[in-house]
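Below is one structure, written out as structure tokens; the observations come after it.
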Amino acid sequence: MPDLSVVVPVFNERGNIVPLLSEIAAALRGKIDFEIVYVDDCSRDDSLVVLAAAKTQFPELRVLKHLAQSGQSTAIRTGVRAACSAWIATLDGDGQNDPADIPKLIAARDAGSTDVKLYAGWRVDRKDSGSKRRASKFANAIRSRLLRDATPDTGCGIKLIERAAFLDLPYFDHMHRYLPALMQRAGWKTVSVPVNHRPRGSGASKYNNLNRALVGIADLRGVAWLIRRSKRTGVEEI
């Protein structure tokens with residue numbers, strides 16, 4: 001079994017696939033036994049063709065495809081469920097996350113407490129447009145006020161997560177934006193780690209500020225309700 005599974009959800013990212021795979025391989029080969037699990041969410045371009053061809057160059061690569069388009073959260077969950085390792089590194093498929101940061105997250109885990117189940121990337125120098133940065137800052141402030149998750153950046157795609165803890169979380173669409181709060185609700189600790197952020201290599205973003213805001217309002221209310229209704233207790237066998 002590999003020591004790490006790298007899960008990458010993609011939708012219409014054909015131009016970013018091979019460059020990102022090359023960077024993942026460069027960051028991890030010779031350092032850790034790993035696999036790469038790409039999940040194609042019904043791309044309309046030839047992403048699947050590119051992925052199939054890439055398997056000869058990258059023997060660590062596994063490719064899964066959704067039979068119906070289901071969104072990023074479902075693609076991440078599909079990859080995590082299929083993963084063979086106890087720990088998962090996630091990356092966005094657009095190339096804005098830097099795979100060279102994965103060893104940094106692993107080092108933080110190795111030096112951290114066993115009750116930390118999520119190491120979340122923190123984009124301290126974002127390379128998005130000004131409007132996107134302002135919208136994200138506003139959304140983060142509201143989320144932090146409502147959920148009290150003490151996390152400066154929940155939207156960063158690069159994370160290191162314990163697989164069992166992730167699969168124990170309540171599943172819903174867009175859950176990937178609320179993983180720190182959901183982990184804390186489950187009784188685990190989370191840590192934010194400063195990471196690199198880069199401009200998109202090719203292709204176009206799948207989100208805009210309006211659709212993020214509209215979906216985010218309903219999601220925030222739902223996650224806040226889950227937190228209010230949660231109950232945790234220790235268990236002792238006698």
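The values are calculated or read from the model by the stated rules, or taken from the named source; none is laboratory data. Just so we're clear, the structure is a prediction, and the values are computed from it rather than from any experiment. Heads up, the Cβs are rebuilt from the backbone with ideal geometry, glycines too, and the neighbour counts pull from every protein chain shown.
Values computed for the structure shown
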| item | result |
| --- | --- |
| Residues satisfying the stated conditions in the range 105-117, i.e. within 18 Å of P180 (Cβ to Cβ) and of a type outside the set (V, I, T) | L105, A108, R109, G112, S113, D115, K117 |
| The one condition in (1) under 15 Å from Q96 (Cβ atoms); (2) surrounded by fewer than 17 Cβ atoms within 10 Å (Cβ to Cβ); (3) of a type in the set (A, V, I, L, M) that L20 fails to fulfil | (2) |
| Matching entry among A82, A86, A107 (being in contact (Cβ under 8 Å) with a residue 60 or more places away in the chain and surrounded by fewer than 21 Cβ atoms within 10 Å (Cβ to Cβ)) | A86 |
| Residue list for the range 1-23, filter: closer than 12 Å to Q57 by Cβ and among the hydrophobic types (A, V, I, L, M, F, W, C) | I17, V18, L21 |
| From the options L48, L64, L91, residue that is at pLDDT 95 or above and crowded, with 23+ Cβ neighbours inside 10 Å | L91 |
| Identity of the residue in the range 114-156, among the aliphatic types (A, V, I, L, M) and at pLDDT below 70, that ends up surrounded by the fewest Cβ atoms within 10 Å (Cβ to Cβ) | A141 |
| Candidates S47, S73 - the one that is touching a residue at least 60 places away in the same chain (Cβ under 8 Å) and farther than 20 Å from V195 by Cβ | S73 |
| I36 being assigned to a helix (DSSP H, G or I) and crowded, with 20+ Cβ neighbours inside 10 Å | no |
| Selection from the range 57-102 of residues that are part of a loop (DSSP other than H, G, I, E, B) and either among the basic types (K, R) or closer than 14 Å to I36 by Cα (or both) | Q57, F58, P59, E60, A83, C84, S85, A86, L91, D92, G93 |
| Residue within the range 162-169 that is within 17 Å of V7 (Cβ to Cβ), modelled with pLDDT of 85 or more, assigned to a strand (DSSP E or B) and among the hydrophobic types (A, V, I, L, M, F, W, C) present | no |
| The range 70-98, residues that are over 18 Å from A25 (Cα atoms), among the hydroxyl-bearing types (S, T, Y) and out of contact with any His (no Cβ under 9 Å at 6 or more places or on another chain) | S70 |
